[in-house]
Amino acid sequence: IYLSLNSLTINHIKMKKLIFLTFTLLSISFAFSQSFEVLQIKVNDASMKNDYEKYEAMWANAHEEIHKKGNKVGWFFFKVVPNSNNPDNQKADFDYVILNFYKDDDARKAGWGVELNDAFVRKANYGKMKSSEVRRLLSLRPDKMKTEWKNYIITGLDATVDTGGDPKIGNRVRYIGVKALNDDYENYEMKWFKNGHNQDIISGRRLAWYFNKVLSSSESADKSITHAIFERFNPNSSPTQQTEPTFEQEMMWKHGGASREFIEYCTLELINFRSAMQ
């Protein structure tokens, strides 16, 4: 099984043309050519973060109803947390990340397919949240909570197999926003670095790796970011023994590393989600 992992990965992806996006933090399968939405949110007033998370929890129930309409099929809400292995290894000018997934590209372009208003949100939260709390949260519009939003539309280019299991609150993911420095960058990721990620999966150190390309972004977004990597590591893995790299490995790491620049990087923790496949 281990010897055939790379061919298994290729066949699984190319023959079925399906992946489980975001480290099986999702239970949505979807084609590589399909795009999805990444929202980065910054709450400038730290005292409002608790209310902002409650605000999104209210919207989680609305997303559940939106998914029944058929256009949008998944919503995942993360917060930025310190990296347990290296607390100082963070470079992200945002506090939260939302991922929105759609039935297909046409559905994404068509929108959510519902009329979004306070009445819709109240109805979606009936029996799930106190009406007084819903009213309070609806009065706390994002602008009142001093939030800033950045929007990216990205599409999957490649991935390893995913051994992470079903999505659970508390799952942690490593996010990297990348700037491609030359035309060879994508090949280095997919034809060299991916091999190392597969070896990490075999050793139990890594659970999944996803490589994506930015298709478009909002005016407020960082325009230097061309690609986005999501990866998930096994928090219970044993330390791996380091071996002396070969000359080929040294050269590939050197030139592969020179093909990219990490603009953003942080650890994300899943704190809420809704999926049409739940």
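At a temperature of 4 °C and a viscosity of 1.567 mPa s, determine how fast region 134-278 diffuses translationally according to Stokes-Einstein, using the Kirkwood radius over alpha-carbon pairs as Rh; express D in µm²/s, rounded to the nearest whole number.
Result for D is 73 µm²/s.
Would you mind telling me the share, in percent, of accessible area of region 96-227 contributed by carbon and sulfur at probe 1.4 angstrom?
49
Give me the 1.4 Å probe accessible area per residue for region 178-257, excluding ligands and nucleic acids, in Å².
59
Quick check: residue separation of residue 105 and residue 135 times 0.36 nm, minus the Cα distance between them. What number comes out in nm?
7.4 nm
Please list 3J(HN,Hα) in residue order for region 253-268, calculated via the Karplus relation 6.51 cos²θ - 1.76 cosθ + 1.60 where θ = phi - 60°; whole Hz, with x for glycine and proline.
5, 5, 6, x, x, 6, 8, 8, 9, 7, 8, 10, 7, 6, 9, 10
Starting with the highest mean, order 247-254, 228-235, 144-151 by the number of other Cβ atoms within 10 Å, averaged over the residues of each peptide.
Descending packing order for the listed peptides: 228-235, 144-151, 247-254.
With every protein chain left in place and a probe of 1.4 Å, what is the accessible surface of residue 268, to the nearest 10 Å²?
About 0 Å², ignoring ligands and nucleic acids.
Once you order the gyration tensor axes a ≥ b ≥ c over the Cα atoms, which shape class does region 144-186 get: rounded for a/c under 1.5, otherwise prolate or oblate by comparing a/b with b/c?
oblate
So for each of 105-112, 38-45, 93-100 I average, over its residues, the number of other beta carbons within 10 Å; can you give me the resulting order with the highest mean first?
Going from most to least packed, we get 93-100, 38-45, 105-112.
Suppose accessible area is computed on protein heavy atoms with a 1.4 Å probe; arrange 215, 138 from highest to lowest.
Heavy-atom accessible area, descending, gives 215, 138.
What does the C-alpha gyration tensor say about the overall shape of region 101-152? Classify as rounded when a/c is under 1.5, otherwise prolate if a/b is larger than b/c, or oblate.
oblate
The values are calculated or read from the model by the stated rules, or taken from the named source; none is laboratory data. From a predicted model like this one, the values you see are computed outputs, not experimental measurements. With ideal geometry, Cβ positions are generated from the backbone for all residues, glycine too; neighbour counts draw on all protein chains shown. Ligands, DNA and RNA are excluded from the accessible area calculation, which covers all protein heavy atoms including side chains. Shrake-Rupley method; radii C 1.70, N 1.55, O 1.52, S 1.80 Å.
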